[in-house]
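Since the structure comes first, as C-alpha coordinates, the remarks are kept for the end.
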Amino acid sequence: MNLKNIPKYVPGHNLLNGKKVLITASAGTGIGFAVAKKCIEEGAMVFISDIHGERLQKAQNSLHENTGYKPDYAICDVTKQSDVNDLILSASTSLSGIDIVINNAGLGGTANLIDMTDEQWMVVLDVTLNGCFRVNRAAMQFMKDNGGGVIVNNASVLGWRAQKGQAHYAAAKAGVMALTRCAGLEGAEYGVRVNAVAPSLALHPFLYKVTSKELLAELEAKEAFGRGSEVWEQANAMIFLASDYSSYMTGEVISTSSQKA
(Lines give C-alpha, C1' and ligand atoms only; values in the text may rest on other atoms or scores of the structure.)
Protein backbone atom coordinates (compact mmCIF):
# COMPACT_ATOMS: atom_id res chain seq x y z
CA MET A 1 0.00 0.00 0.00
CA ASN A 2 1.29 3.43 -0.94
CA LEU A 3 0.93 5.43 2.25
CA LYS A 4 1.59 8.66 0.37
CA ASN A 5 -1.81 8.32 -1.27
CA ILE A 6 -3.79 8.40 1.97
CA PRO A 7 -5.42 11.83 2.35
CA LYS A 8 -5.71 13.73 5.58
CA TYR A 9 -8.71 13.05 7.79
CA VAL A 10 -11.49 15.50 6.95
CA PRO A 11 -12.76 17.44 9.99
CA GLY A 12 -16.45 18.07 10.59
CA HIS A 13 -18.28 20.93 8.91
CA ASN A 14 -21.62 20.75 10.77
CA LEU A 15 -23.27 19.03 7.80
CA LEU A 16 -25.63 17.18 10.16
CA ASN A 17 -26.03 19.89 12.76
CA GLY A 18 -28.92 18.99 15.08
CA LYS A 19 -29.89 15.86 13.13
CA LYS A 20 -30.93 12.71 15.00
CA VAL A 21 -29.14 9.67 13.61
CA LEU A 22 -29.52 5.94 14.18
CA ILE A 23 -26.67 3.72 13.00
CA THR A 24 -26.82 -0.08 12.85
CA ALA A 25 -23.80 -2.38 13.15
CA SER A 26 -21.72 0.43 14.61
CA ALA A 27 -19.50 -1.50 17.02
CA GLY A 28 -16.03 -2.74 16.19
CA THR A 29 -13.55 -1.02 13.89
CA GLY A 30 -15.35 -0.92 10.56
CA ILE A 31 -17.45 1.50 8.56
CA GLY A 32 -20.29 1.56 11.10
CA PHE A 33 -18.10 2.90 13.90
CA ALA A 34 -16.38 5.33 11.53
CA VAL A 35 -19.68 6.80 10.37
CA ALA A 36 -20.93 7.08 13.96
CA LYS A 37 -17.84 9.12 14.79
CA LYS A 38 -18.23 11.26 11.66
CA CYS A 39 -21.90 11.94 12.43
CA ILE A 40 -20.98 13.22 15.88
CA GLU A 41 -18.21 15.37 14.39
CA GLU A 42 -20.76 16.76 11.92
CA GLY A 43 -22.99 17.93 14.78
CA ALA A 44 -25.51 15.09 14.95
CA MET A 45 -27.10 13.42 17.94
CA VAL A 46 -26.38 9.71 17.58
CA PHE A 47 -27.84 6.39 18.70
CA ILE A 48 -25.82 3.25 17.95
CA SER A 49 -26.72 -0.41 17.75
CA ASP A 50 -25.12 -3.78 17.10
CA ILE A 51 -25.67 -7.45 17.83
CA HIS A 52 -22.49 -7.62 19.94
CA GLY A 53 -23.23 -6.13 23.37
CA GLU A 54 -19.66 -6.00 24.72
CA ARG A 55 -18.27 -4.45 21.54
CA LEU A 56 -21.16 -2.00 21.51
CA GLN A 57 -20.31 -0.77 24.99
CA LYS A 58 -16.67 -0.41 23.97
CA ALA A 59 -17.77 1.59 20.93
CA GLN A 60 -19.85 3.86 23.15
CA ASN A 61 -16.85 4.47 25.42
CA SER A 62 -14.51 5.04 22.49
CA LEU A 63 -16.85 7.55 20.89
CA HIS A 64 -17.12 9.35 24.21
CA GLU A 65 -13.35 9.46 24.61
CA ASN A 66 -12.75 10.66 21.05
CA THR A 67 -15.59 13.13 20.60
CA GLY A 68 -16.89 14.03 24.05
CA TYR A 69 -20.32 12.70 23.06
CA LYS A 70 -21.63 9.51 24.69
CA PRO A 71 -24.37 7.98 22.55
CA ASP A 72 -27.10 5.75 23.89
CA TYR A 73 -27.23 2.29 22.37
CA ALA A 74 -29.32 -0.85 22.02
CA ILE A 75 -28.49 -4.42 21.05
CA CYS A 76 -30.28 -5.42 17.86
CA ASP A 77 -30.37 -8.60 15.78
CA VAL A 78 -31.55 -7.48 12.35
CA THR A 79 -32.77 -11.01 11.55
CA LYS A 80 -35.58 -10.43 14.07
CA GLN A 81 -38.27 -7.90 13.19
CA SER A 82 -39.14 -7.50 16.88
CA ASP A 83 -35.56 -6.40 17.58
CA VAL A 84 -35.68 -3.91 14.71
CA ASN A 85 -39.01 -2.48 15.87
CA ASP A 86 -37.68 -2.15 19.42
CA LEU A 87 -34.57 -0.42 18.05
CA ILE A 88 -36.61 2.22 16.23
CA LEU A 89 -38.64 2.82 19.38
CA SER A 90 -35.55 3.02 21.61
CA ALA A 91 -33.68 5.36 19.27
CA SER A 92 -36.66 7.65 18.68
CA THR A 93 -37.30 7.84 22.41
CA SER A 94 -33.66 8.56 23.26
CA LEU A 95 -33.21 11.14 20.50
CA SER A 96 -36.76 12.53 20.57
CA GLY A 97 -37.13 11.50 16.94
CA ILE A 98 -35.11 10.04 14.06
CA ASP A 99 -34.04 12.07 11.03
CA ILE A 100 -31.49 9.68 9.54
CA VAL A 101 -30.97 5.92 9.61
CA ILE A 102 -27.63 4.58 8.42
CA ASN A 103 -28.12 0.89 7.78
CA ASN A 104 -24.72 -0.75 7.95
CA ALA A 105 -25.61 -4.28 9.12
CA GLY A 106 -24.27 -7.09 6.96
CA LEU A 107 -22.54 -10.45 7.11
CA GLY A 108 -19.96 -11.89 4.75
CA GLY A 109 -18.08 -15.13 4.34
CA THR A 110 -16.16 -17.09 1.74
CA ALA A 111 -17.37 -20.28 0.07
CA ASN A 112 -17.35 -21.48 -3.50
CA LEU A 113 -20.82 -22.05 -4.87
CA ILE A 114 -20.21 -25.73 -5.55
CA ASP A 115 -19.43 -26.32 -1.87
CA MET A 116 -21.82 -23.77 -0.32
CA THR A 117 -24.44 -25.13 2.05
CA ASP A 118 -28.00 -23.88 2.34
CA GLU A 119 -27.13 -22.58 5.80
CA GLN A 120 -24.16 -20.56 4.53
CA TRP A 121 -26.31 -19.04 1.81
CA MET A 122 -29.31 -18.30 3.99
CA VAL A 123 -27.49 -16.70 6.93
CA VAL A 124 -25.73 -14.19 4.68
CA LEU A 125 -28.95 -13.38 2.82
CA ASP A 126 -30.93 -13.07 6.06
CA VAL A 127 -28.55 -10.62 7.72
CA THR A 128 -27.37 -8.66 4.70
CA LEU A 129 -30.47 -8.42 2.51
CA ASN A 130 -33.44 -9.34 4.70
CA GLY A 131 -31.97 -7.34 7.58
CA CYS A 132 -31.65 -4.32 5.30
CA PHE A 133 -35.29 -4.78 4.27
CA ARG A 134 -36.45 -4.99 7.90
CA VAL A 135 -34.57 -1.84 8.92
CA ASN A 136 -35.69 0.09 5.84
CA ARG A 137 -39.32 -0.91 6.36
CA ALA A 138 -39.38 0.02 10.04
CA ALA A 139 -37.50 3.28 9.44
CA MET A 140 -39.76 4.27 6.56
CA GLN A 141 -42.87 3.51 8.58
CA PHE A 142 -41.59 5.78 11.35
CA MET A 143 -40.48 8.55 9.00
CA LYS A 144 -43.73 8.46 7.01
CA ASP A 145 -45.61 9.42 10.15
CA ASN A 146 -43.02 11.91 11.41
CA GLY A 147 -42.26 14.33 8.61
CA GLY A 148 -39.86 12.34 6.44
CA GLY A 149 -36.19 11.52 6.74
CA VAL A 150 -33.17 9.89 5.15
CA ILE A 151 -32.01 6.28 4.92
CA VAL A 152 -28.49 5.36 3.82
CA ASN A 153 -27.77 1.70 3.07
CA ASN A 154 -24.38 0.05 2.84
CA ALA A 155 -24.16 -2.02 -0.34
CA SER A 156 -20.95 -3.29 -1.97
CA VAL A 157 -19.13 -3.15 -5.25
CA LEU A 158 -19.72 -6.91 -5.32
CA GLY A 159 -23.33 -6.11 -6.12
CA TRP A 160 -21.96 -5.20 -9.55
CA ARG A 161 -18.73 -7.17 -9.81
CA ALA A 162 -17.99 -10.89 -9.60
CA GLN A 163 -15.52 -12.42 -7.16
CA LYS A 164 -14.90 -16.08 -6.48
CA GLY A 165 -16.24 -17.37 -3.19
CA GLN A 166 -18.67 -14.47 -2.80
CA ALA A 167 -21.86 -15.64 -4.55
CA HIS A 168 -23.98 -15.32 -1.39
CA TYR A 169 -22.62 -11.93 -0.37
CA ALA A 170 -22.70 -10.55 -3.92
CA ALA A 171 -26.29 -11.69 -4.39
CA ALA A 172 -27.29 -10.11 -1.09
CA LYS A 173 -25.61 -6.80 -1.90
CA ALA A 174 -27.11 -6.73 -5.40
CA GLY A 175 -30.43 -7.14 -3.61
CA VAL A 176 -29.61 -4.21 -1.31
CA MET A 177 -29.01 -2.08 -4.41
CA ALA A 178 -32.34 -3.08 -5.97
CA LEU A 179 -34.11 -2.55 -2.64
CA THR A 180 -32.56 0.92 -2.39
CA ARG A 181 -33.78 1.91 -5.86
CA CYS A 182 -37.35 0.76 -5.16
CA ALA A 183 -37.45 2.16 -1.62
CA GLY A 184 -36.15 5.49 -2.87
CA LEU A 185 -38.94 5.77 -5.40
CA GLU A 186 -41.62 4.74 -2.89
CA GLY A 187 -40.22 6.88 -0.09
CA ALA A 188 -40.31 10.07 -2.15
CA GLU A 189 -44.07 10.18 -1.64
CA TYR A 190 -43.49 10.47 2.11
CA GLY A 191 -40.48 12.77 2.07
CA VAL A 192 -38.11 9.87 2.72
CA ARG A 193 -34.91 9.69 0.68
CA VAL A 194 -33.17 6.30 0.37
CA ASN A 195 -29.68 5.96 -1.12
CA ALA A 196 -26.70 3.65 -0.76
CA VAL A 197 -22.95 3.50 -1.02
CA ALA A 198 -21.13 0.62 -2.67
CA PRO A 199 -17.63 0.29 -1.18
CA SER A 200 -14.94 -1.95 -2.58
CA LEU A 201 -12.08 -2.48 -0.13
CA ALA A 202 -12.27 -0.68 3.22
CA LEU A 203 -9.33 -1.46 5.48
CA HIS A 204 -9.75 -2.00 9.22
CA PRO A 205 -8.18 -4.26 11.89
CA PHE A 206 -10.84 -6.99 11.73
CA LEU A 207 -10.33 -7.36 7.99
CA TYR A 208 -6.66 -8.12 8.58
CA LYS A 209 -7.67 -10.90 10.96
CA VAL A 210 -9.97 -12.69 8.51
CA THR A 211 -8.15 -12.02 5.22
CA SER A 212 -4.72 -13.23 4.17
CA LYS A 213 -1.99 -10.71 3.46
CA GLU A 214 -1.68 -12.16 -0.03
CA LEU A 215 -5.35 -11.60 -0.89
CA LEU A 216 -5.34 -8.08 0.55
CA ALA A 217 -2.26 -7.23 -1.49
CA GLU A 218 -3.95 -8.61 -4.61
CA LEU A 219 -7.13 -6.62 -4.00
CA GLU A 220 -5.26 -3.40 -3.21
CA ALA A 221 -3.23 -3.73 -6.41
CA LYS A 222 -6.48 -3.60 -8.39
CA GLU A 223 -7.52 -0.28 -6.86
CA ALA A 224 -6.90 2.89 -8.87
CA PHE A 225 -5.06 4.53 -5.96
CA GLY A 226 -3.05 1.39 -5.24
CA ARG A 227 -4.61 1.05 -1.79
CA GLY A 228 -7.79 0.12 -0.04
CA SER A 229 -9.90 2.94 1.35
CA GLU A 230 -9.87 4.11 4.92
CA VAL A 231 -13.16 3.40 6.67
CA TRP A 232 -13.67 7.12 7.26
CA GLU A 233 -13.52 7.72 3.51
CA GLN A 234 -16.55 5.46 3.14
CA ALA A 235 -18.17 7.28 6.07
CA ASN A 236 -17.65 10.60 4.29
CA ALA A 237 -19.76 9.40 1.36
CA MET A 238 -22.48 8.29 3.76
CA ILE A 239 -22.41 11.71 5.43
CA PHE A 240 -22.95 13.35 2.04
CA LEU A 241 -25.98 11.13 1.34
CA ALA A 242 -27.35 11.79 4.83
CA SER A 243 -26.92 15.55 4.50
CA ASP A 244 -28.98 18.20 2.75
CA TYR A 245 -26.30 18.38 0.05
CA SER A 246 -27.93 15.32 -1.52
CA SER A 247 -31.49 16.64 -1.19
CA TYR A 248 -32.40 15.80 -4.80
CA MET A 249 -31.02 12.27 -4.70
CA THR A 250 -33.04 9.16 -3.96
CA GLY A 251 -32.86 5.55 -5.11
CA GLU A 252 -29.21 6.01 -6.05
CA VAL A 253 -26.22 3.78 -5.37
CA ILE A 254 -22.91 5.66 -5.23
CA SER A 255 -19.81 3.66 -6.06
CA THR A 256 -17.23 4.43 -3.39
CA SER A 257 -14.66 2.20 -5.03
CA SER A 258 -11.76 3.03 -7.28
CA GLN A 259 -10.98 -0.24 -9.04
CA LYS A 260 -9.06 -0.09 -12.31
CA ALA A 261 -10.93 -1.05 -15.45
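Okay, here's what the table says:
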read-out	value
Test: residue in region 172-187 that is touching a Cys at 6+ places or on another chain (Cβ under 8 Å), buried (at least 19 other Cβ atoms within 10 Å of the Cβ) and at pLDDT 95 or above	yes
Every residue from region 162-191 that is of a type in the set (F, W, Y) and within 21 Å of V101 (Cβ to Cβ)	Y190
Given (1) of a type in the set (V, I, T); (2) in contact with a helix residue (DSSP H, G or I) (Cβ under 6 Å, 6 or more places away or on another chain); (3) closer than 18 Å to S26 by Cα, index of the condition V127 fails	(2)
Residue list for region 148-166, filter: out of contact with any Gly (no Cβ under 6 Å at 6 or more places or on another chain) and surrounded by fewer than 21 Cβ atoms within 10 Å (Cβ to Cβ)	V157, W160, R161, A162, Q163, K164, G165
Single residue of A111, A91, A178, A174 found to be farther than 22 Å from S200 by Cβ and over 14 Å from the mean Cα position of the chain (by Cα)	A91
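The values are calculated or read from the model by the stated rules, or taken from the named source; none is laboratory data. Small disclaimer: the values here were computed from a predicted structure and weren't measured. No Cβ is skipped: glycine too gets one built from the backbone with ideal geometry, and neighbour counts run over all protein chains shown.
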